[in-house]
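Novice: Below are the structure tokens for one structure; questions will follow.
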Amino acid sequence: SQTIHQWPATLVQPVGSPLSLECTVEGTSNPNLYWYRQAAGRGLQLLFYSVGIGQISSEVPQNLSASRPQDRQFILSSKKLLLSDSGFYLCAWSVWQVGGYTFGSGTRLTVV
Amino acid sequence: SQQGEEDPQALSIQEGENATMNCSYKTSINNLQWYRQNSGRGLVHLILIRSNEREKHSGRLRVTLDTSKKSSSLLITASRAADTASYFCAPQEAQGAQKLVFGQGTRLTINP
């Protein structure tokens with residue numbers, strides 16, 4: 001069966017520290033992968049998406065970056081976190097023209 | 001890219017009543033999807049309706065799509081306390097990376 005793993009579940013990081021959030025998918029090949037961020041009580045903001053290894057598209061300019069080193073691995077990074085980076089980060093995958101998105105359980109990031 | 005706009009932003013009803021949420025979008029779509037998000041969790045895919053479909057059912061869910069008006073509605077019948085959540089619509093374009101751009105959602109509260 002297809003599953004998506006996202007970790008850690010919660011994270012508290014000081015301003016200026018680096019960030020690495022990881023997302024892995026099992027049970028499917030060549031998925032489209034997505035990173036979203038959700039501020040408290042708000043909708044989802046698409047940050048990055050990837051249609052293949054090494055292919056990253058950025059939706060919103062910011063101090064975050066994403067990488068896809070393997071087919072089913074998607075990493076969200078930052079060299080120096082800002083207070084405004086706090087939020088709920090969600091990873092999702094989809095298969096071309098098949099059904100909807102499957103979301104991970106999310107990482108709640110608090111930058112202090 | 002396409003974004004759905006949900007209406008109302010918040011809805012509070014009594015258990016057992018029906019809940020209706022609406023979604024509007026701007027351009028042509030391949031399909032439209034509805035998702036549910038419980039507080040602090042990832043999104044769960046509820047239902048997908050294709051552009052050539054007008055109505056679709058899944059359990060207590062009924063979704064309609066009017067492509068001429070660029071609108072959709074989600075009806076939840078015989079609501080339960082467990083239906084309390086935020087609901088998002090996501091119109092999907094036929095081309096590109098199939099990325100979904102979510103709106104602010106409708107916050108549904110079912111009162112016992």
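Novice: Which residues in the stretch A:87-112 have a backbone N closer than 19 Å to a point placed 7 Å from the Cα of A:Ser1 along the Cα-to-Cβ line?
Specialist: What the label zone holds, given the 19 Å backbone N cut-off, is A:92-95, A:99-106.
Novice: Let me ask something else about it. Note down the relative contact order for the stretch A:50-112 as a percent, whole number, built from C-alpha pairs under 8 angstrom at least six residues apart.
Specialist: Taking the mean separation of contacting Cα pairs over the length of the stretch A:50-112, I get 25 percent.
Novice: Could you list the chymotrypsin sites (Phe, Trp or Tyr not before Pro) in the stretch A:57-112 that lie in coil according to DSSP, counting only those with at most 16 other Cβ atoms within 10 Å of their Cβ?
Specialist: Working: sites: A:Phe74, A:Phe88, A:Tyr89, A:Trp93, A:Trp96, A:Tyr101, A:Phe103; in loops: A:Trp96.
The qualifying sites are A:Trp96.
Novice: Here's another thing I want to ask about it. Compute the relative contact order of chain A as a whole-number percentage, counting only Cα pairs closer than 8 Å that sit 6 or more residues apart in sequence.
Specialist: Relative CO of chain A lands at 36 percent.
Novice: How many percent of Cα pairs in the protein assembly as shown exceed 22 Å?
Specialist: 52 percent
Novice: Could you list the residues of the stretch B:16-42 with an amide nitrogen less than 19 Å from a label point located 7 Å from the Cα of B:Arg60 in the Cα-to-C-beta direction?
Specialist: Flagged as within label range: B:16-22, B:34-39.
Novice: Between the stretch B:80-112 and the stretch B:1-57, what is the separation of their alpha carbon centroids in Å?
Specialist: Centre-to-centre distance over Cα atoms comes out at 5 Å.
Novice: A follow-up question, please. Determine the share of the stretch A:3-111's accessible area contributed by carbon and sulfur atoms, expressed in whole percent, with a 1.4 angstrom probe.
Specialist: 54 percent
Novice: Can you grab the distance from the C-alpha centre of the stretch A:16-41 to the C-alpha centre of the stretch A:72-93, Å, no decimals?
Specialist: Rounded to whole Å, the Cα centres lie 7 Å apart.
Novice: Enumerate by residue number the trypsin sites (Lys or Arg not before Pro) in the stretch B:14-112 meeting two conditions: DSSP loop (anything except H, G, I, E, B), and at most 12 other Cβ atoms within 10 Å of the site's Cβ.
Specialist: On the way: sites: B:Lys26, B:Arg36, B:Arg41, B:Arg50, B:Arg54, B:Lys56, B:Arg60, B:Arg62, B:Lys69, B:Lys70, B:Arg80, B:Lys99, B:Arg107; in loops: B:Lys26, B:Arg41, B:Arg54, B:Arg60, B:Lys69, B:Lys70, B:Arg80, B:Lys99.
Qualifying residues, ordered by number: B:Lys26, B:Arg54, B:Lys69, B:Arg80.
Novice: Under Stokes-Einstein, with the Kirkwood radius over Cα pairs standing in for Rh, what whole-number D in µm²/s applies to chain A at 10 °C and 1.306 mPa s?
Specialist: Stokes-Einstein gives a translational diffusion coefficient of 113 µm²/s.
Novice: For a quick check of your reading of the filter: which trypsin sites (Lys or Arg not before Pro) in the stretch A:1-95 sit in a DSSP loop and have no more than 15 other Cβ atoms within 10 Å?
Specialist: Sparse-neighbourhood loop trypsin sites (Lys or Arg not before Pro): A:Arg42, A:Lys79, A:Lys80.
Novice: Another question, if that's okay. Which of rounded, prolate or oblate describes chain B when judged by the alpha-carbon gyration tensor and an a/c cut-off of 1.5?
Specialist: Prolate, since a/c reaches 1.5 and a/b exceeds b/c.
Novice: Could I ask something else about it? Sequence gap at least 6, Cα distance under 8 Å: using those rules, report the relative contact order of the stretch B:1-95 to the nearest whole percent.
Specialist: Details: 199 pairs, mean separation 37.2, N = 95.
This gives 39 percent for the stretch B:1-95.
The values are calculated or read from the model by the stated rules, or taken from the named source; none is laboratory data. Keep in mind the model is a prediction, meaning the values are calculated, not measured. Neighbour counts are summed over all protein chains in view; Cβ atoms, including those assigned to glycine, are modelled from backbone coordinates with ideal geometry. To get the accessible areas, we keep the full protein, side chains included, count just its heavy atoms, and leave off ligands, DNA and RNA. Shrake-Rupley method; radii C 1.70, N 1.55, O 1.52, S 1.80 Å.
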